[in-house]
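Some notes on the structure that comes next.
Read the figures in this text as sums done on the coordinates, not as results from a lab. Just so it is clear, the model here is predicted, and its values are computed rather than measured. Positions of Cβ are backbone-derived with ideal geometry, glycine not excepted, and every protein chain shown enters the neighbour counts.
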Amino acid sequence: MPVLASARYGKDNVRVYKVHKDEKTGVHTVFEMTVCALLEGEIETSYTTADNSVVVATDSIKNTIYIKAKEHPVDPPELYASYLGQHFIDTYSHITTAHIKVVQHRWTRMVIDGEPHAHSFYRDGEEKRIVEATITRGVGIDIKSGIVGLSVLKSTGSAFHGFVRDEYTTLPEVWDRILSTDIDCSWTWKRFADRAAVENGVERFNKAWEQARTVLMRTFANDYSASVQNTMYKMAEEILQLVPEVDKVGLSLPNKHYWEVDLSWHKGLKNTGKDAEVFAPQTNPNGLIKCEVARDQTTVTVR
Ligand code: AZA
């Protein structure tokens, strides 16, 4: 006899925009996000016996996403996600867990004639800020924050040698190569007891996001990289050091290859080794290097 092994449902891809208008200065601040809210609890019968009495319609979940964005700050997104998730478990006694994902899109203030503009913004890249919050009755609030799609490239300062050489190997060892990747980085907070614990010291979230972003770029730029593996480990180590309330840092980095193009067939053009200037960026295949770095042995298995 089949059993419902797991179930959650809700609304995904809810696009939300919120503007904050400073009455005194006339300066506007805008936020745009894409929200997913999925609920878990005593909802089995909706699947097994068509019992819709346990279903909070996904349309109502969508409405709640807008209403909570109106009632509460959406900055930082960790706070908004906690308010939203807490609402579902406080309001519906049969809902035990709310899974909230917030993807924040970039709107960066324009600087016009050297002055920050009051109400005009531009999209400076596809990088996103991510929050995944799990709010569980009787357990607390688990939050994973992150950055995805931070595209970076360095034209030197990267090597890769000493790797396994056998009958499958064609890749030459290099002491100077291009390194390019789209950084996905997450940091998992120690569990918060409740919403008040998230609110208390709420500035920690934007600070950590800024610190992580700075570390990712600074380490990428300054490290003479022996490999993607080693550079990413250094990134994670420093984030853990700077943000003591974080237990684990995860990284996922594609290695986006740029191959040399041998042009010697054309009038003897030199374009390899130290003479390489024109490269062919590859779309695929790409390397993919991942790791999670825990603060210590006790946090290895954190969520
Ligand atoms: N790590 C790198 O940094 N570069 C590589 C790898 C790897 O594992 N494999 N090929 N190139």
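A 32 angstrom limit on the alpha carbon distance is what I want to check against. Which of K68/K144; K62/K154; K70/K290; K154/K267 exceed it? Write down the numbers at each step before the final one.
Details: K68/K144 20 Å; K62/K154 42 Å; K70/K290 38 Å; K154/K267 30 Å.
Where the Cα-Cα span goes over 32 Å, the pairs concerned are K62/K154; K70/K290.
Expressed in nm to one decimal, what extension gain is obtained for the pair S155 and K267 from 0.36 nm per residue of sequence separation less their Cα-Cα distance? Present the calculation step by step, with values, prior to reporting the outcome.
Working: separation 112, 0.36 × 112 = 40.32 nm, distance 2.63 nm.
Length gained between S155 and K267: 37.7 nm.
Quick one, what does Rg over Rh come out to for the range 1-138 if you take C-alpha atoms and the Kirkwood Rh?
Numbers: Rg = 18.4 Å, Rh = 16.7 Å.
My calculation puts Rg/Rh at 1.10.
Charges at C-beta only: +1 for Lys and Arg, -1 for Asp and Glu. How large is the resulting dipole of the range 139-303 about its Cα centre, in Debye rounded to 20? Please report the intermediate quantities before stating the final value.
Values: 20 positive and 22 negative charges, 45 e Å.
Approximately 220 debye in magnitude.
To the nearest 20 Debye, how big is the dipole of the chain about its Cα centre, given +1 on the beta carbon of each Lys and Arg and -1 on that of each Asp and Glu? Intermediate values should be presented prior to the final figure.
Details: 36 positive and 41 negative charges, 57 e Å.
Dipole of the chain, to the nearest 20 debye: 280 debye.
Taking the square root of 5 times each eigenvalue of the Cα gyration tensor, what semi-axes in Å does the equivalent ellipsoid of the chain have, largest first?
Result for the chain: semi-axes of 42, 26, 19 Å.
Please get the size of the charge dipole for the range 1-138, origin at its Cα centre, with Cβ charges of +1 on Lys and Arg and -1 on Asp and Glu, quoted in debye to the nearest 20. List each step's numbers first, then the result.
Values: 16 positive and 19 negative charges, 32 e Å.
Charge dipole, the range 1-138, about its Cα centre: 160 debye, nearest 20.
Could you list K234, K270, K256, K248 in order of exposure, starting from the residue whose Cβ has the fewest other Cβ atoms within 10 Å? Before the final figure, lay out each step's value.
Details: K234 16, K270 12, K256 19, K248 22.
Final ranking by Cβ density, sparse to dense: K270, K234, K256, K248.
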